[in-house]
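**Q** First the structure, then my questions, so here it is.
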Amino acid sequence: MKNNCVFCAIAAGEIPCFKIYEDDLVLAYLDINPFSEGHALVIPKAHTTGLLDTSDETLAAVIARVKKVAGRIQKTLPCDGFNVLQNNGAAAGQTVPHLHFHVVPRRGDGAGEIAFANGKGDMDALKALAAKLAF
């Protein structure tokens, strides 16, 4: 695993993922410990640890893909909206030191907050959902 970064290994294809979008710069895939059905991660393929050490060019590319992935999720799934989350540093809840954005579908559950106690996802359901969301 290059530089001991799990997201770099996923981007390099060394660790499998439930891919929903990919281009030369960015990869998006379903979180295997989702907050809700369709919870996706959007990452730059090149390693960068957080918002402040990411070039403006890379950040622009990633956020454009966040918008594209969020639009696809909202169009494809039954959801009323979505949250976009991005944590920087362990104190902020960042558990993988590689820039990533969470796109979390919301379903009018009345809860304005996301509990950061996500559960283990069903791998077969994630595979089927990734196929449905892929573009």
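The values are calculated or read from the model by the stated rules, or taken from the named source; none is laboratory data. What you are looking at is a predicted structure, and each value in this text was computed from that prediction instead of being measured. Positions of Cβ are generated from backbone atoms using ideal geometry, with glycine treated the same way; all protein chains shown enter the neighbour counts. We work out accessible area using only protein heavy atoms, side chains counted, and drop any ligands, DNA or RNA first. Shrake-Rupley method; radii C 1.70, N 1.55, O 1.52, S 1.80 Å.
**Q** Once both labels are modelled 7 Å past Cα along the beta-carbon direction, what's the LYS120-HIS47 spacing in nm?
**A** Calculated label separation equals 2.9 nm.
**Q** Just the number please: accessible area per residue for the chain, 1.4 Å probe, all protein chains included, in Å².
**A** 54
**Q** Also, I was wondering about something else. Please give the FRET efficiency for GLU22 paired with ALA91, using the beta carbon to beta carbon distance and R0 = 30 Å, rounded to the nearest 0.05.
**A** With R0 = 30 Å, the Cβ-Cβ based efficiency is 0.45.
**Q** Moving on. Rounded to the nearest percent, how much of the accessible area of the chain (1.4 Å probe, protein heavy atoms only) is carbon and sulfur?
**A** 56
**Q** Add +1 for every Lys or Arg and -1 for every Asp or Glu among the other residues with Cβ under 15 Å from the Cβ of GLY119, and state the total.
**A** It works out to a net charge of -2.
**Q** For PHE135 and ASN33, calculate 0.36 nm times their separation in residues minus their Cα-Cα distance, and state this gained length in nm to one decimal.
**A** Stretched fully, the PHE135-ASN33 segment lengthens by 34.5 nm.
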